[in-house]
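The values are calculated or read from the model by the stated rules, or taken from the named source; none is laboratory data. Please read all numbers here as calculations on a predicted model, not as lab measurements. Methodologically, a virtual Cβ is constructed for each residue, glycine included, from the backbone with ideal geometry; neighbour enumeration extends over all protein chains shown.
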Amino acid sequence: MAALGLSLALVGSASPAPAAVTRAGSAAAAPQHVVLDCTGKAQLKPGTIALACADNGTGLTNLHWTSWTPQLASAYGTEWQNDCQPNCAQGHIHNYPVVATVWGSAAVQGHPGELRYTEATLSYPKGRPAVYVTNCTGKVVATHPVSQTLPLGA
C-alpha cells in the first residue's frame, strides 16, 4: 500500500467570529482557520480533498460540511483509496462512507491572521479501508480501523 502524505486546505468559518477591539477602538479581524491542500492553496468548504498528494491514491469526495468553526470543521462524504494491487499503477479504487473532522491549530507561515487545522480524524460508519501496519514481529499486516487520526501537512 502506498504511504499517505496528507495535506488539506479549508478556509473560513460557517459564521464569522466577533471582531476583537483594539486599544485604539477599531475592530481587528478574527483569524481565519485553514488547511492547506497539496499545492498550498486554501479552499473554502471543498467538495474534494486529496489526502495522498504524491499519487492521488487516497482522498475525500462528495463532502457535505455540517460544522465550520475555529475549533473544528466536520463533514460527511466518501473516501476513495487505491488498493495498489498488484501495484499502485494497476490498483483498483475502493470507496468508503466517511465522517471527517479537522481540528488543531497552528500559524500559517506567510499569512498573518490565518491559522491552520493540524489533525484529521476519519470515522467509518460502514465499510472500512485497510490500513497497513508493522506488527511486533516485523510483519506488515492489514487492519481495518473504525476510525483513524492523521496529521495534516503544512
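For the reader, a short list of remarks on this structure follows.
- Members of the stretch 105-150 found to be of a type in the set (D, E, K, R), at pLDDT 85 or above and assigned to a strand (DSSP E or B), listed by number: 119
- Inside the stretch 111-142, residues that are of a type in the set (S, T, N, Q) and surrounded by 13 or more Cβ atoms within 10 Å (Cβ to Cβ) make up a count of 3.
- Residue match in the stretch 10-33 (condition: modelled with pLDDT of 75 or more and in a loop (DSSP other than H, G, I, E, B)): no
- Within the stretch 98-110, at least one residue is free of Cβ contacts under 8 Å to residues at least 24 places away in the same chain, within 22 Å of residue 72 (Cα to Cα), surrounded by 11 or more Cβ atoms within 10 Å (Cβ to Cβ) and out of contact with any Asp or Glu (no Cβ under 6 Å at 6 or more places or on another chain).
- Qualifying residue in the stretch 60-75 (condition: in contact with a Phe, Trp or Tyr (Cβ under 8 Å, 6 or more places away or on another chain), exposed (fewer than 15 other Cβ atoms within 10 Å of the Cβ) and in a loop (DSSP other than H, G, I, E, B)): yes
- Scanning the stretch 95-144 for residues that are over 23 Å from residue 38 (Cβ atoms), of a type in the set (Gly, Ala, Ser) and in contact with a Lys or Arg (Cβ under 9 Å, 6 or more places away or on another chain) yields a total of 0.
- If you filter the stretch 44-59 down to residues that are in contact (Cβ under 8 Å) with a residue 40 or more places away in the chain and part of a loop (DSSP other than H, G, I, E, B), you find that the one that is surrounded by the fewest Cβ atoms within 10 Å (Cβ to Cβ) is 54.
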